[in-house]
Amino acid sequence: MVPLMDLRRRVAACEPEMGEAVARVLASGRLLLGPELWAFEAEFASFVGRRFAVGVASGTDAITLVLRALGIGPGDEVVVPAFTAVPTLAAVCAAGAVPVPVDVDERTGAIDPAAARAAIGARTRAIVPVHLYGLPSDEVVEDLLATGLPVVEDAAHAHGALVGGRTAAAAYSFYPTKNLGGIGDGGAVVTDDEALADRVRLLRHHGMRELYLHEEIATNARMSEIEAAGLRVGLARLADGNRRRREIAERYRAAAPGLHWHPAHPRHVHHLCVVRVPDREAFRARVGFETGVHYPRAATRQPAYLGFARFACPRAEAWAAECVSLPCFPELRDEEVGEVCRALAAEAGRGETRS
Ligand SMILES: Cc1ncc(COP(=O)(O)O)c(C=O)c1O
């Protein structure tokens with residue numbers, strides 16, 4: 001069966017450099033806060049077109065630490081989309097603030113700027129849009145910047161989709177299946193604001209600049225040297241990998257133009273290639289290749305987050321009911337892409353493509 005993702009192939013495609021990188025770190029005896037991290041931070045900042053990158057332990061930590069670095073905490077509210085991975089909200093909670101989920105755009109699944117503006121109140125301190133599935137939400141970000149509130153981009157799906165930017169910061173995840181995936185967990189904050197970068201560096205390392213001098217109560221969110229070294233290997237392949245993802249997504253779309261596709265964009269990096277189908281379980285059972293669902297519930301329908309549901313989010317719920325993720329990763333073989341194309345064309349031929 002064509003897999004949704006195969007991490008063995010992804011790791012194999014990085015050899016022998018990946019094994020050499022790990023061996024280099026182990027031999028060096030420097031396992032944390034060392035030359036691999038400094039080099040990765042410089043290389044990643046340059047790749048995304050921002051002045052600073054700060055490596056942290058996960059994408060969730062990246063969002064939490066930016067919010068904390070912006071001075072956001074208990075008593076504050078942060079507006080988020082209701083259709084996203086739950087870590088977007090969990091990160092706000094970890095900063096001590098309240099996530100306020102709002103509805104998303106019918107076409108893109110990204111936060112609806114009008115819904116975000118309507119949710120702004122006296123306690124609102126920031127907005128966190130998500131570049132869902134790897135589609136750069138440039139216009140949404142511009143619209144949100146016009147509110148005057150700090151905008152923190154959740155770029156967990158968007159490695160390579162964003163060029164520079166005027167937001168306070170963007171937060172990346174290097175969870176192993178991401179376009180730039182690590183050996184384990186990892187994340188990064190990118191920003192043009194030197195003071196903000198400096199504060200995130202302080203917060204990831206127990207508030208220490210000088211050994212055992214703790215300037216503030218913080219946390220441990222360091223990225224390991226092995227992770228940084230592995231990410232440097234992945235970063236060198238990221239642009240090619242994104243090109244291959246785009247090519248695969250274009251072949252799917254061309255094979256079945258009648259399906260209800262997540263929109264195309266020249267900078268879409270297809271972390272996930274998503275189609276909407278009215279009867280998802282029947283579609284998944286029929287197609288004969290592996291599929292995924294990102295995400296099966298709106299955040300406002302997650303048991304742990306029900307208490308944050310303040311606004312109706314029918315468009316987020318419709319996305320959650322209909323979205324299906326298709327196999328789309330750089331190491332997918334051409335014959336596998338062909339097999340998926342044939343199954344999609346057959347689905348389009350059934351004519352049940354829109355609810
Ligand atoms: C949209 C989104 N935001 C945030 C995260 C959190 O990243 P991590 O798993 O690295 O903490 C993820 C990844 O799972 C994600 O998909």
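The values are calculated or read from the model by the stated rules, or taken from the named source; none is laboratory data. Just so we're clear, the structure is a prediction, and the values are computed from it rather than from any experiment. In this analysis, Cβ positions are derived from the backbone assuming ideal geometry, glycine residues included, and neighbour counts consider all displayed protein chains. Side chains are part of the model used for accessible areas, which takes the heavy atoms of the whole protein and leaves out ligands, DNA and RNA. Shrake-Rupley method; radii C 1.70, N 1.55, O 1.52, S 1.80 Å.
Quick look at the numbers
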item	result
For Thr124, residues with placed amide H under 5 Å, excluding near neighbours	Glu77
Using θ = phi - 60° and Karplus 6.51 cos²θ - 1.76 cosθ + 1.60, couplings along region 107-124 (whole Hz; Gly, Pro as x)	7, 9, x, 7, 3, 8, x, 5, 5, 5, 4, 5, 8, 6, x, 5, 9, 5
Two-decimal log10 I(q)/I(0) for the chain, as the Debye equation yields it once each C-alpha is a single scatterer, q = 0.11 Å⁻¹	-0.73
Residue-wise HN-Hα coupling along region 174-185, computed from phi with Karplus coefficients 6.51, -1.76, 1.60 (Hz; x: Gly, Pro)	10, 3, x, 7, 5, 4, 10, x, x, 6, x, 7
For region 11-16, 3J(HN,Hα) per residue [Karplus equation, 6.51 cos²θ - 1.76 cosθ + 1.60, θ = phi - 60°, Hz, x = Gly/Pro]	5, 4, 5, 9, 8, x
Percent antiparallel among DSSP beta bridges (both partners in region 7-231, rounded to 5)	50
Area accessible to solvent at Tyr295, 1.4 Å probe radius, in Å²	40
Distant-in-sequence amide H partners of Leu33 (H built 1.01 Å from N, under 5 Å)	Glu225
With all protein chains modelled, accessible area of Leu7 [1.4 Å, Å²]	70
Rounded Å value of the spacing that divides the Cα centres of region 106-184 and region 1-26	29
Share of alpha-carbon pairs per 10 Å distance bin for region 239-350, given as whole %	14, 42, 30, 13, 2
Low-density loop cleavage sites - trypsin sites (Lys or Arg not before Pro) in region 153-226, where at most 13 other Cβ are within 10 Å (DSSP)	Arg166
Amide proton proximity set for Val102, modelled H, under 5 Å, gap of 5+	Val80, Ala82
